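Read the structure below first, then the notes.
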Amino acid sequence: MSERILEALAEAIHERHGFRVVALDMSAVPLTMEAFLIASAENRIQAKAIADHVERTARGLGFRRHHLEGYEDGSWILLDFIDLVVHIFLPSTREYYDLEMLWSDVPRIEYDDGEVPPDERSYGTPE
């Protein structure tokens, strides 16, 4: 999977304030996709907004969504573009399924959020 494509989709996630964006290179794994792109959202509404924006961005890059899972619930939205699968999680769901640990042996790219997510901010602590 092209790094340019992954970067464009990571940027789309960040544009909707998604965080902890990680790409996993699945090309050496005997699966049908080349990459996973994993991200977190603060709530279900934001997860849906991220999914919608990622789909629009992917369409602009020439991808067509093959399958969608979890959109109504919003705690884990899966966008399947055949060669690329995008996972958008609420933090607790992401922690529970821990795809990064499951696939810890594949190469990964972590994308800088540029901002600290709400649950990792330090309020009132001395610097």
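FYI, it's all coordinate maths here, none of it is from the lab. If you're wondering where the values come from, they're calculated on a predicted model, not measured in any experiment. Neighbour counts are summed over all protein chains in view; Cβ atoms, including those assigned to glycine, are modelled from backbone coordinates with ideal geometry.
Some points to look at:
- Computed from Cα positions, the angle between helix 44-60 and the longest principal axis of the chain comes to roughly 40 degrees.
- Distribution of pairwise C-alpha distances over the chain, 5 Å bins, in %: 2, 11, 22, 25, 21, 11, 4, 2, 1, 1
- Computed FRET value (nearest 0.05) for Asp25 with Arg59, which takes r as the C-beta separation and R₀ as 30 Å: 0.85
- Axis of helix 3-15 versus longest Cα principal axis of the chain: the two differ by about 40°, to the nearest ten degrees.
- Within the chain, percent of DSSP bridges classed antiparallel, to nearest 5: 75
- Normalising the average separation of contacting C-alpha pairs (under 8 angstrom, six or more residues apart) by the number of residues puts the relative contact order of the chain at 28 percent.
- Per-residue ³J(HN,Hα) for segment 97-110, Karplus 6.51 cos²θ - 1.76 cosθ + 1.60, θ = phi - 60°, Hz, x for Gly and Pro: 7, 6, 4, 4, 6, 4, 10, 5, 8, 9, x, 9, 10, 9
- Lys/Arg +1, Asp/Glu -1 at C-beta; the chain dipole; positive extreme among Leu99, Val29, Gly74: Gly74
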